[in-house]
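Accompanying notes for the structure given below.
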Amino acid sequence: MTPSTTPTPATSTHAIVIGGSIAGLLAARVLSDHFDTVTILERDRLPDGPQGRAGAPQGKHAHNLLVRGLRIMEALFPGFEQALADEGAPVMNYGSDVRVLVTPTQWLPRIETTYASRAASRPMVEWLLRERVMALPNVEICERVVVDGLLLDANKTRVTGVKVSQRGVKAPSELAADFVVDASGRRTRTPVWLEELGFGKPEVSIVDSGVGYATRLYRKPAGFDDWTVLYMPPKWPNPRGGAVFEVENDYWLVSQGGYLRDYPPTDPDGFLNFASTFPQPDLYNAIKDAEPLSDVVSYRNTRNIRYHYQRMTLPTHYAVVGDAVCGFNPVYGQGMSSAAMAAELLGEVIAHSHGDLAGVTATFQKKLAELHEDIWLLATMEDLVFISQKEGMEGKGPSRIERMAQMYIGRSIGTMLYDPYIAQVFVEIMNLTKPTRALFHPRVMASVLWHSLTNPPAKRAAAAPTQAVSPS
């Protein structure tokens, strides 16, 4: 659809979202509650179903829809989880369906928990969201539209719209808006636009541990029900890791990766052999006789990057969300859920503005930066360990305090093997429903100290009984 340049009635309010990604779709949904019309400008031609697209190359790789993200999507689109189920996305209970390698020789014991999400491919999640956004009466999606810049008022303090061009059409045009959201992802142009308009450049934090990964689609073997997700994360000094996600259609999405530019091969034999180098053979054994359904595809744009818009003066009536403001190493599966959290926050800030949008930009970017603190810590903690071991990587190594925190969190992770309460706390933290400071609760610290001092014998998860624990 081509964006309309027809003037709207003077009393009508209009919001524009740059980018039809998951972040953009969710932003459009919350904006639809506060503006008469919302226009999403997407540079890609969008697929008619759950297929990948050029602007989201990471979509071919394993994604993890965390509990926090699913809850927000369900709140914004009632029935969304059932829609995932109807498309064949299996339940992913974090106590019984997810098998996690905690140390090179120890698996996390299975616990009883109500914490569960749905395992689905990124294209499936995006397509189901897009279907629901397109059904909103006051939202339109315009494809193959490139945003070339921002429009400002005469005082050069307020965003009043965007400059656009249709892909394949030379003539540019302008679209007016009462509010604009940049959800264009890692290729955001906001830093360039702000500098061109005289606002300066934002400060940027980068942590790049040289992660690259490769993915192949397999058919899940008939009758297999040992787990929905197999996760074998890299842990220093082993830079390699991998995961298998059962997704819709009884498919396995198998992603393998390596830190410090130890990239997995993209040929079939090399991909399989890479799996044989992990500390445990479970992933290799799972795929060695499984039927492959695709070629191996790779992805290496994985650095953590954060623009500190909260530290600068911005034009009003503008917001930046998703990877356009803070992109996390995709290995940790936080992207979709952090985008949902940002959309939820945007809706809250606009609602509390009572129609006065002038203060929304500064308030939102400040609160969003605070929201990102915990997620950034989780995403960069292991990356910093690897960065500190090799010269030439981008990002400062951990400080003394960060090293102490890493040591304590490492001990906490080890305690999960013996204390199901600690395992539950970690499940909640990793699903972004509880802050990392929960690890410093007296109950947690006492258990970590006790097990650190007593150092009980290692217990294999296969031999450990299922233990019950209720989420707090």
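Report, by residue number, each residue of region 22-47 that is under 18 Å from P57 (Cα atoms) and either of a type in the set (K, R) or modelled with pLDDT of 95 or more (or both).
Result: I22, A23, G24, L25, E42, R43, R45.
Which is in a loop (DSSP other than H, G, I, E, B) and either in contact with a strand residue (DSSP E or B) (Cβ under 8 Å, 6 or more places away or on another chain) or not assigned by TED's automatic domain parsing to the domain that holds G327 (or both), of T266, T215?
The unique qualifying residue is T266.
For every residue, the table says whether it meets (1) within 30 Å of G241 (Cβ to Cβ); (2) among the acidic types (D, E); (3) out of contact with any Asp or Glu (no Cβ under 8 Å at 6 or more places or on another chain); (4) surrounded by 12 or more Cβ atoms within 10 Å (Cβ to Cβ).
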| position | (1), (2), (3), (4) |
| --- | --- |
| V181 | no, no, yes, yes |
| R187 | yes, no, yes, no |
| V192 | no, no, yes, no |
| F199 | no, no, yes, yes |
| P202 | no, no, yes, yes |
| Y213 | yes, no, yes, yes |
| Y218 | yes, no, no, yes |
| T228 | yes, no, no, yes |
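If only one of A75, A154, A83 is aliphatic (A, V, I, L, M), modelled with pLDDT of 95 or more, surrounded by fewer than 17 Cβ atoms within 10 Å (Cβ to Cβ) and farther than 30 Å from R189 by Cβ, which one is it?
After applying the criteria, what remains is A75.
Could you list all residues from region 48-72 that are among the charged types (D, E, K, R), at pLDDT below 95 and closer than 29 Å to F179 by Cα?
Answer for region 48-72, where residues must be among the charged types (D, E, K, R), at pLDDT below 95 and closer than 29 Å to F179 by Cα: D48, R53.
Scan region 399-444 for residues that are in a loop (DSSP other than H, G, I, E, B) and modelled with pLDDT of 90 or more and report the count. Explain how you work it out, then say what you get.
Restricting attention to region 399-444, the residues satisfying the condition of being in a loop (DSSP other than H, G, I, E, B) are 399, 416-419, 431-435, 441.
Remaining after also requiring modelled with pLDDT of 90 or more: 416-419, 431-435, 441.
Qualifying residue count for the region: 10.
Select from region 264-289 the residues that are of a type outside the set (V, I, T), surrounded by fewer than 18 Cβ atoms within 10 Å (Cβ to Cβ) and out of contact with any helix residue (DSSP H, G or I) (no Cβ under 8 Å at 6 or more places or on another chain) and list them in ascending order.
The answer is D267, P268, D269, G270, N273, P279, Q280, P281, N285, D289.
Taking the criterion of being farther than 18 Å from A339 by Cα and at pLDDT 95 or above, would at least one residue in region 7-14 satisfy it? Give the derivation first.
If we filter region 7-14 for residues that are farther than 18 Å from A339 by Cα, which is where we start, we get 7-14.
So of that shortlist, the ones also at pLDDT 95 or above come out as 13-14.
Yes, region 7-14 has at least one match.
Are any of the residues in region 241-257 part of a strand (DSSP E or B), outside the structural domain of L152 (by TED's automatic domain parsing) and modelled with pLDDT under 95?
Within region 241-257 (the criterion being part of a strand (DSSP E or B), outside the structural domain of L152 (by TED's automatic domain parsing) and modelled with pLDDT under 95), the answer is no, since none of the residues qualifies.
Would you check if there is a residue in region 310-329 being within 14 Å of the chain's Cα centre (by Cα), in a strand (DSSP E or B) and not aliphatic (A, V, I, L, M)?
Looking for residues that are within 14 Å of the chain's Cα centre (by Cα), in a strand (DSSP E or B) and not aliphatic (A, V, I, L, M), one finds at least one in region 310-329, hence yes.
Among the residues of region 334-372, write down those that are under 29 Å from F386 (Cβ atoms), among the small types (G, A, S) and either buried (at least 22 other Cβ atoms within 10 Å of the Cβ) or touching a Pro at 6+ places or on another chain (Cβ under 9 Å) (or both).
G335, S337, S338, A339, A340, A342
Can you give me the ranges of the strands (runs of 3 or more DSSP E) entirely in region 27-126 with at least 3 residues that are touching a Gly at 6+ places or on another chain (Cβ under 9 Å) and either farther than 30 Å from D148 by Cα or not assigned by TED's automatic domain parsing to the domain that holds E348 (or both)?
98-103
Name the single residue, out of those in region 91-123 being aliphatic (A, V, I, L, M) and within 23 Å of G410 (Cβ to Cβ), that is modelled with the lowest pLDDT.
Only one residue tops the list, namely I111.
Looking only at region 127-151, filter to residues that are among the aliphatic types (A, V, I, L, M) and assigned to a loop (DSSP other than H, G, I, E, B); which one of those is surrounded by the fewest Cβ atoms within 10 Å (Cβ to Cβ)? If you could, list the steps in order and put the result at the bottom.
Step one: of region 127-151, the residues among the aliphatic types (A, V, I, L, M) are 128-129, 133-136, 139, 141, 145-147, 150-151.
In the following step, the residues that additionally are assigned to a loop (DSSP other than H, G, I, E, B) were identified as 135-136.
Details: A135: 9, L136: 14.
Per the criteria, the residue is A135.
Mind checking which pairs have a first residue in region 183-198 that is of a type in the set (A, V, I, L, M, F, W, C) and a second that is in a helix (DSSP H, G or I), Cβ under 7 Å, 6 or more apart or different chains?
A183/A23; A183/G24; A183/A27; A183/G322; A183/A324
Restricting to region 269-286, name every residue that is within 27 Å of the chain's Cα centre (by Cα) and part of a helix (DSSP H, G or I).
Within region 269-286, F271, L272, F274, A275, D282, L283, Y284, A286 meet the criteria.
The values are calculated or read from the model by the stated rules, or taken from the named source; none is laboratory data. Keep in mind that this is a model prediction, so the values were computed, not measured. Using ideal geometry, Cβ is built from the backbone for each residue, glycine included, and neighbour counts are taken over all protein chains shown.
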